[in-house]
Amino acid sequence: MQFSLTVNGESLEIEAAPDDDLASVLRREGYTGVKCGCDGGVCGASKVLIEGSAEMACGKAVREADGATIRTIEGFGSQDDLHPIQQAFVDHFAVQCGFCIPGMIVQTKELLEETPNPTEGEVREAIDDNLCRCTGYQKPVEAILDAAERVHGDGAVATDGGAPSESTAHEATDRPGETRDT
Amino acid sequence: MTTEDDPKPDGGTASHTEQDVAALEDHPLEWDEPENNNLAPDERASVSRPAEKDDDPKLVTGQAKYTADYETQFPGLAYAAVVRSEIPHGYVTDVDTSAAEEMDGVRTVLTPWSEETPDAKYTSAGQSYPEPSPWDMNVLNEHVRYVGDPIAAVAADDAETARAAAERIAVEYEEDEYVLDPEDAYSEDAPQLFGDDEVENEIVGHDYSRNRMSQIEGEIGDVDETVDRDDVHVHESEWETIRQSHAQIETHTTLAYTDEDDRHVLVTSTQVPNHTRRQLAHLFDIPIRDIRVSKPRVGGGFGGKQAMVVEPIPLALSLATDRPVIYEATREEEFSAMRSRHPMKVRARTAVTDDGSIEALDLYALSNTGAYGSHGMTVAGNVGSKPMPLYSKVPNARFKADIVHTNTPQTGAMRGYGAPQGTLALEGHLDEVARDLDIDPIEFRQNHYMEVGDLDEIAGMMGGEGAERRIRSCGLDECIERGKEAIGWDDLEQPDEAQLHRGIGMALSAQGTGVAGDELGAAQLMMNEDGSFHLHVGGVDIGTGADTAFIQIAAEVLGCPETDIVIKSSDTDVTPFDYGAYASSTTYISGMAVKKAAEDAKERILYWGSKLIEEPESNLETGNGKVYSEETDASVDLEEIGYEAAYGHDEREHILGKGTHCTEESPPPFAAQFADVTVDEETGEFEVNKLVVAVDCGVAINPGMAEGQVEGANHMSYEMAVCEGITFDDDGRSAVTSFDEYDWPTASETPPIESILVETHEPTGPFGAKSVAEVPTNTVPPALSNAVREAVGVRITDMPITPEKIRAALEDDE
Ligand code: FES
Ligand code: FES
């Protein structure tokens, strides 16, 4: 069957079986930044923005996405010109193997659209179904809090990269800004 | 401190034998350290700085290629699926493949009896050679020993067809009795998993009539004599650990094909490309040179990929179909048929005098290795040889382990490699003894732990593994001081609610760095004419940032920007030999090879610099992309040197450097863990408020990455303390088939983790580095057990620590 999707601004006509899951279809089309880490619907690695909301592409039949506007990780920054969220992950050493990171960044995008200044607790909850085995979540959480500032802060994009220091005291606090030194 | 002149008090056989004296000579206190190794951080240009992770731009934009991402580059790719045993123990009597073979799109089905199925025995453990694990497996099995043992494999045009075909394959069995519990398995009348002729390369201490694949023991001094002494109290406790899953987010994945030059190529998510190549050569009887193992980006390993878990199947299918074949394990297979941490029972015993002197330390481990023996003996050895040396001043010490088979999935290497199990027992036990004697638990440890200059004999008591070593760097005191401060040890406030109690627990840990005398890393460096470099390393980056650390080390030596170095790591056709990413060896062993390769190239660079500047080489140094004279300030760009060397008219040279490294040293990194917990004494519910872990990793080549390793390891350790791990139903079927059921702590269920890097200088490591990524995997279970004990007075010894167990213990207490 023929489906039409708009992926990262490009209109695509795609041949697929109606039950094919969106993650496989996107990967077949070359969007391999969409990762699959579980038998579906649990790990969050396959998250893409569908009409602006972060969803696991593996859990969705392509027919349900027919006509939708989709943004995958490939629709964010490029290697020489990273999106501020991507740059924050890099600067905070929040990326280890990187397998969960596309999904994590897509989820962050949705979070910051809805909650421009999230608390640490809100960040942790937002990525509760983005499973990461490498990082212990500490650095991704710091990166996301910093990304919020870069995206929505007073226009001042942090450039010092939040270089790690002993002062990254991680008090369990729900007040924004307290857990980082940028 | 123990030296030749200062034998251990009351040392029995611990006073120096001939062998010990030899060890002292092998490990002199004075270490001949190269001058450039020991610069202060601010004298360095690249090392000790949080350089951006080399592959990050690719990773965050989704451009990085993991094995499965190569799929679109192979038209005609076939997909594999595996038929696995439905019973825990028995014999396959028939496999009916006809229904599967009739399906459209099915290319081939292999059974244990197919011509293309290798029938050699092997071990999946990706270890050195000769292999320290028994050859007890087949690629496809007639004799099945757990629910999940592979029996048949399918290749089809797409993944759905392959899976559907696998489901249509009917297997008939003759069922046998099975055993799931290691204690039962070890009894005389248990069902036997292996017949005498079913194992090759048998391991020391095996007794298959009792399902024991190995028994090991090591001792210094005389423990039995010491525990009988009148002036000591004997304390004993028993501890139990979970079957932890590696749970790396990328499942085991391999793509196999034969290229136009008849070379058998595997693109595979592995930690051990060279071992995998050797093992495949053995299994398929193909010369090593005709196999190419190439590692793309890897989505996590943690030891689970220090094993040849899936590679033989796509290779066999590819040979049978003459097509490229990809096999991606499902998440369900990860839990039921890949690898896990060895669950263990560990008994700790000490003999201690009234005034708190530990006279003897004795650990015994019963390890459940599952259906096969991969990594069984070596992991068990590390239960003793990693944690016990922490207390190297104790004069009498013994470790013993029995490693037994059960009809459960196979275990393997996992971050920490036995040390987490041993650390729980040792650090929980010592905490309890200190409380018993009313001695401050930290002081109690400090009275016995290692110091710089000690010759650590306990590490050597097991023989080869972690042989005796001289301690040349040790930051334990500072780890404790800074950890105490960060957790608020001295000013803990109790909650207002009367039923809530807060407590802090602590634990120490030591690991090794590489396997002493048993590893090799190699690197090659080529200079381009524009002054840039290609660095080829056998060392394996599985997401740890190793590639970046290698670049930093080379850049430091060459005095060039990191961006001028292009790295290619781990492709057996291209990169030099390396044992692989395990045993905390990557930065230490492979990194040292990189340093040597860069120094080798630098010599030639200085030669050419000397020609161009017309000053003797001894005046010259590299830095800022130049060779410059320390005398006259004259300088020449590396680019000019590159062109001159390649195109010069009287003389020409391709500037190449090579380095290989192996060593008898395995310096321990150290960690001090603190856990702050609030427990409700009515319900047993608890909340971990914060984890702090301070790690002495020598010099951190990249502090940002090192912190990330510490935090990730500590999260994994936290999971071991609070998650049940992989459990089974009574029929031996994994009760965990998905992440949901695994029920590990997610981001909002994870307490904040504060990592502290305590910098020491390890003279045997590249620029003073030792390892970082394993030692913080060991420490949360004992620290949390100790914290709960501190908060409400009850002791939880079997993991995980749950509200139910705390409540039950509190009720017992009343
Ligand atoms: S693959 Fe989509 S959530 Fe795991
Ligand atoms: S970085 Fe490896 S899974 Fe998150």
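So if we plug the beta-carbon distance of residue B:621 and residue B:65 into 1/(1 + (r/R0)^6) with R0 = 41 Å, what FRET efficiency do we get, rounded to 0.05? Computed FRET efficiency for residue B:621 and residue B:65: 0.60. Counting only protein heavy atoms and using a 1.4 Å probe, what share of the accessible area of the protein assembly as shown belongs to carbon plus sulfur, as a whole percent? Within the protein assembly as shown, the accessible surface is 42 percent carbon and sulfur. Sorting B:56-63, B:449-456 by their mean Cβ neighbour count within 10 Å, with the most densely packed peptide first, gives B:56-63, B:449-456. The HN-Hα couplings worked out from phi for region B:738-754 by the Karplus form 6.51 cos²θ - 1.76 cosθ + 1.60 (θ = phi - 60°) are 8, 4, 4, 6, 5, 6, 8, x, 8, 4, 7, 9, 9, x, x, 10, 9 Hz, whole numbers, x standing for Gly and Pro. Relative to its Kirkwood radius, the Cα radius of gyration of region B:716-814 gives an Rg/Rh of 1.09. Between the C-alpha center of region B:259-296 and that of region B:687-702 there is a gap of 38 Å.
Taking the centroid of alpha carbons for each part, region B:155-197 and region A:51-125 are 41 Å apart. Given the options B:394, B:363, B:374, identify the residue whose Cα lies farthest towards the positive end of the charge dipole of region B:344-411 (+1 on Cβ of Lys, Arg; -1 on Cβ of Asp, Glu). Sorting the options by dipole projection puts first B:374. Accessible surface computed residue by residue for the protein assembly as shown, with neighbouring protein chains in place and a 1.4 Å probe, gives 35 Å² per residue. In plain terms, the C-alpha convex hull of region A:98-144 casts an average shadow of 2.9 nm² when viewed from every direction. A helix-only calculation puts chain B at -7500 deg cm²/dmol for mean residue ellipticity at 222 nm, using -39500 (n - 2.57) for each DSSP H run of at least four residues, averaged over all residues.
Label-to-label distance for residue B:201 and residue B:31 is 3.2 nm, based on points extended 7 Å past Cα in the beta-carbon direction. With a 1.4 angstrom probe, the accessible area lost at the A-B interface totals about 4500 Å². Residues within the reach of a label modelled at residue B:639 (point 7 angstrom out along Cα to beta-carbon, backbone nitrogen below 19 Å), restricted to region B:550-565, are B:558-565.
Between residue B:534 and residue B:727, the contour length at 0.36 nm per residue exceeds the alpha carbon distance by 64.8 nm. Looking at region B:67-220, the pairs of alpha carbons with a distance over 22 Å make up 52% of the total. When the P(r) of chain B is calculated, the portion above 40 Å amounts to 38% of the C-alpha pairs. Amide hydrogen proximity for residue B:396: with H placed 1.01 Å from N in the peptide plane, the residues at 5 or more positions away or on another chain lying under 5 Å are B:361. Between amide H atoms placed 1.01 Å from N, distances below 5 Å from residue B:90 occur with B:144, B:176, all of them 5 or more places distant or on a separate chain. P(r) for the protein assembly as shown, from all Cα pairs and a bin width of 20 Å, is 14, 45, 35, 6, 0 %, short bins first. Each label was represented as a point 7 Å from its Cα along the Cα-to-Cβ direction; for residue A:63 and residue A:13 these points are 2.0 nm apart.
Which residues of region A:67-92 show a drop of at least 40 Å² in accessible area when all protein chains are present, compared with their chain alone (probe radius 1.4 Å, heavy atoms only, ligands and nucleic acids excluded)? Relative to the lone chain, where solvent access is computed with a 1.4 Å probe, region A:67-92 loses at least 40 Å² at A:79, A:90. For residue B:685, the residues 5 or more places off, or on other chains, whose built amide H falls under 5 Å of its own are B:680. Interface residues of region B:234-260, defined as those with an accessible-area decrease of at least 40 Å² between the chain by itself and the complete set of protein chains (probe 1.4 Å), are B:249. Our coupling estimate for region B:391-408, obtained by passing each phi through the Karplus curve with A = 6.51, B = -1.76, C = 1.60 and θ = phi - 60°, is 9, 5, 7, 6, x, 10, 8, 8, 9, 9, 8, 10, 10, 10, 8, 9, 8, 10 Hz, Gly and Pro reported as x. Between residue B:496 and residue B:322, the modelled labels are 8.1 nm apart [label points 7 Å from Cα along Cα→Cβ]. Cross-link partners for residue B:295 among the lysines, with Cα-Cα distance under 24 Å and sequence neighbours closer than 8 places in the same chain left out: A:35, B:53, B:58, B:65, B:305, B:568, B:595, B:596, B:658.
Between the alpha-carbon centers of region B:355-426 and region B:110-154, tell me the distance in whole angstrom. When both Cα centres are located, 27 Å separates them. Note down the net charge around residue B:549, summing +1 for each Lys or Arg and -1 for each Asp or Glu among other residues with Cβ under 10 Å from its Cβ. Neighbourhood net charge equals -2.
Using all pairs of distinct alpha-carbon atoms, the Kirkwood hydrodynamic radius of region B:616-682 works out to 17.6 angstrom. Each 5 Å bin from zero up to the one holding the largest Cα-Cα distance in region B:302-371 carries the following percent of pairs: 3, 12, 13, 13, 11, 10, 8, 7, 6, 6, 4, 3, 2, 1, 0.
The values are calculated or read from the model by the stated rules, or taken from the named source; none is laboratory data. Quick caveat: nothing in here was measured; it's all calculated off a predicted structure. Cβ coordinates were reconstructed from backbone atoms using ideal geometry, including for glycine residues, and neighbour counts include every protein chain displayed. Just the protein is used for accessible areas: all its heavy atoms, side chains included, with ligands, DNA and RNA removed. Shrake-Rupley method; radii C 1.70, N 1.55, O 1.52, S 1.80 Å.
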